[in-house]
Amino acid sequence: MCQRVAMRRSGRSLALMGTTACTVWLMPAQAPQEVGTIRFRIVLFGGIFLIFAPIGVLIALVQSEPPGWLYGLTMWTLSGAIALGWASMFNRRGKWFWLLPVLVLVPIFGFPWFFTWAFRFDWFAAGYAWPQAARRVFMLVLGILSWATGFPLIALYINRAERIATAARTELRLAARMHDTLVPSIDLSTGNLLVIASSTPSSDMGGDLVDAVVQGDRADLLLADVSGHGVSAGIVMAMLKGAFRTRLLQSSQPEEALCDLNAVLHDLTTAEVFVTLAWIRVERGVDCTVALAGHLPVLRYNAQTKAVDRINNESLPLGVDPSQSFVVQSFKLAPGDTLFVCTDGLMEVLDGKRRQLGFDALEQCFAHHAGEHLREIESAIRALAAAHGTSHDDQSVLLARVR
């Protein structure tokens, strides 16, 4: 009878020790990451089970009289199951937090009830006919085999995860080099027009595009922002650049070209993907045409009046509505006039109180520095955004001035 009481108490000990061990092991890493195929996830969870299952065996071994093999096997199974429960909850990153009360309450209250009920019907009598030495050897062999199998499985999973991580890092480096090739910084001087532009991605590959194409006395300047960021946005950005340059070869007007680009993007992208775009065409250094598709305003500094005017957007982004038409605005430029356009990654930086910098602040900074060198204007704009807070989006700037 005393033997059974001690063993019932060990059920509660198993629950508490197993829960504590799994928490300590899993919490520092936050979660075992899902890597590779289902087969490798099975390897991971199998390793976790086999490593923590011997906790129950150790509890059985410290009894004054070693229990039978069925009791030891039950303790081994329950301890591994607790580990799997904790691993599953952290592995799903919030999706399986409903397991938390189960993992806490069932071991504390459910296991003691189970052991009391099992002992009442002598379920664990199996194995008591063995000599004590044989029972202890069984427990030791079960624990040693479990650990000896569990650690190689975890090592196999870690090696697989490291190979996948190495491949991912290599692909990201290639993506970064591709971004530098597709979106180089622009420092252009053609006729009486000066243009600078640069894009800073928030990750290895961004979704912002800056481009400048000069054909004779005409310069086409493009700044676009693909929704989202990262590799997926970068793919759309690369497609847009190719389509934009191909369309320019047909010498079409911006409004017609935007309609074609819009139709292509709508057909080739998913519903949640869209592109905001600012297209500036300067001909003979005097005639300027601006076409916007869901983009932030283009700011124009008038060197004669020292005033800054907004050229506001009146159209939807590309890829939203295939029947969308685009508004084109035309005006004359004079020597000293400067155009500025940026992506929303600059205005959406957040300070410590989660307040955005806003476009008005960018406009005021541009107005204050508009008479300076273009690089100085860009530096001032970027410094303002950096001082305000951290950005989690791509940041691009384009400036053009007539000499």
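In table form, for the structure just shown:
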read-out	value
Helices (runs of 4 or more DSSP H) contained in region 60-139 and holding at least 3 residues touching a Cys at 6+ places or on another chain (Cβ under 9 Å) and in the same structural domain as residue 154 (by TED's automatic domain parsing)	69-91
Residue within region 388-398 that is touching a Pro at 6+ places or on another chain (Cβ under 7 Å), acidic (Asp, Glu) and in the same structural domain as residue 225 (by TED's automatic domain parsing) present	yes
Region 153-207, subset outside any helix (DSSP H, G or I) and β-branched (Val, Ile, Thr), residue surrounded by the fewest Cβ atoms within 10 Å (Cβ to Cβ)	190
Matching option when the condition is assigned to a loop (DSSP other than H, G, I, E, B) and surrounded by fewer than 20 Cβ atoms within 10 Å (Cβ to Cβ), among 251, 232	251
Which numbered condition residue 208 fails, given (1) among the charged types (D, E, K, R); (2) without any contact (Cβ under 8 Å) to a residue 24 or more places away in the chain; (3) in contact with a Ser or Thr (Cβ under 8 Å, 6 or more places away or on another chain)	(2)
Residue match in region 183-191 (condition: among the hydroxyl-bearing types (Ser, Thr, Tyr) and within 24 Å of residue 345 (Cβ to Cβ))	yes
Matching residues in region 40-63 - criterion: being aromatic (Phe, Trp, Tyr) and either without any contact (Cβ under 8 Å) to a residue 24 or more places away in the chain or surrounded by 24 or more Cβ atoms within 10 Å (Cβ to Cβ) (or both)	52
Leading residue by the ranking (farthest from the chain's Cα centre (by Cα)) among those in region 324-364 that are crowded, with 20+ Cβ neighbours inside 10 Å and part of a helix (DSSP H, G or I)	362
Residue that is among the hydroxyl-bearing types (Ser, Thr, Tyr), within 30 Å of residue 208 (Cα to Cα) and not assigned by TED's automatic domain parsing to the domain that holds residue 285, where the choices are 190, 170	170
One residue from 282, 320, 290 being of a type in the set (Val, Ile, Thr) and outside any strand (DSSP E or B)	320
Region 369-403, residues that are part of a strand (DSSP E or B) and surrounded by 14 or more Cβ atoms within 10 Å (Cβ to Cβ)	395, 396, 397, 398, 399, 400, 401, 402
Hey, residue 314 at negative phi and assigned to a loop (DSSP other than H, G, I, E, B) or not	yes
Checklist (1) in contact (Cβ under 8 Å) with a residue 60 or more places away in the chain; (2) more than 13 Å from residue 45 (Cα to Cα); (3) over 31 Å from the mean Cα position of the chain (by Cα) applied to residue 103, failing item	(3)
Any hit, region 152-172, residues being among the acidic types (Asp, Glu) and at pLDDT below 75	yes
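Each row is one residue, and each column tells you yes or no for (1) outside the structural domain of residue 398 (by TED's automatic domain parsing); (2) touching a strand residue (DSSP E or B) at 6+ places or on another chain (Cβ under 8 Å); (3) over 25 Å from residue 392 (Cβ atoms).
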position: 145; (1), (2), (3): yes, no, yes
position: 150; (1), (2), (3): yes, no, yes
position: 157; (1), (2), (3): yes, no, yes
position: 194; (1), (2), (3): no, yes, yes
position: 210; (1), (2), (3): no, yes, no
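The values are calculated or read from the model by the stated rules, or taken from the named source; none is laboratory data. None of these values were measured; they are calculated from a predicted model. Reconstructed Cβ throughout: ideal geometry from the backbone, glycine too, with neighbour counts over all protein chains shown.
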